[in-house]
Amino acid sequence: MRALREADLQRAHRCWSHPGTQAPGHTVESAGVTQSPNHRVIEKKQAVTLRCDPISGHASLYWYRRAVGKEIKFLVYFLRKDKQDDSGMPNERFSAERTEGTFSTLKVQPAELEDSGVYFCASSQDTVLQSHAVPV
């Protein structure tokens with residue numbers, strides 16, 4: 001039996017992963033942000049859902065993707081449960097939500113070969129989006 005090469009895997013399946021080293025189906029925790037599943041291989045045309053649990057108390061949540069052989073790209077940004085910027089979402093097959101202002105899901109349905117890559121999630125505390133001068 002020949003060894004499964006990466007090229008074979010890419011021809012037959014889609015590979016989804018979060019950064020980390022744990023076994024497939026487990027979560028990845030990095031600096032308090034938890035993403036699951038760690039690694040996912042699916043057939044073309046299937047749906048995939050990724051989950052991100054931000055650091056407790058962080059209102060801002062971001063999704064990024066590094067497609068195979070490409071640079072990391074911004075996908076979407078949430079402030080609490082409100083989507084602030086989804087200008088990086090590639091097309092209508094991609095959707096993201098953060099309904100309770102806590103965890104977020106990123107869905108791709110149906111997934112295509114070009115969606116393969118490493119998906120990252122990050123969180124941060126509130127930032128100042130606008131400032132107003134106070135009269136003295």
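The values are calculated or read from the model by the stated rules, or taken from the named source; none is laboratory data. Just so it is clear, the model here is predicted, and its values are computed rather than measured. Cβ: placed from backbone, ideal geometry, glycine included. Neighbour counts: every protein chain shown.
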Next on the checklist: Looking at Leu50, Leu61 in this structure, which one is of a type in the set (A, V, I, L, M, F, W, C), at pLDDT 50 or above, outside any loop (DSSP other than H, G, I, E, B) and over 16 Å from Asp115 (Cα atoms)?
Outcome noted: Leu61
Next on the checklist: Tell me the residue from Leu129, Leu79 that is farther than 28 Å from Ile42 by Cβ and at pLDDT 95 or above, please.
Outcome noted: Leu79
Next on the checklist: Here's a check for you: in region 82-104, which residue that is of a type in the set (S, T, N, Q) and either at pLDDT 95 or above or buried (at least 18 other Cβ atoms within 10 Å of the Cβ) (or both) is farthest from Asp115 (Cα to Cα)?
Outcome noted: Gln84
Item to check | Members of region 85-122 found to be hydrophobic (A, V, I, L, M, F, W, C), in a strand (DSSP E or B) and farther than 17 Å from Val41 by Cα, listed by number | outcome: Phe94, Ala96, Cys121, Ala122
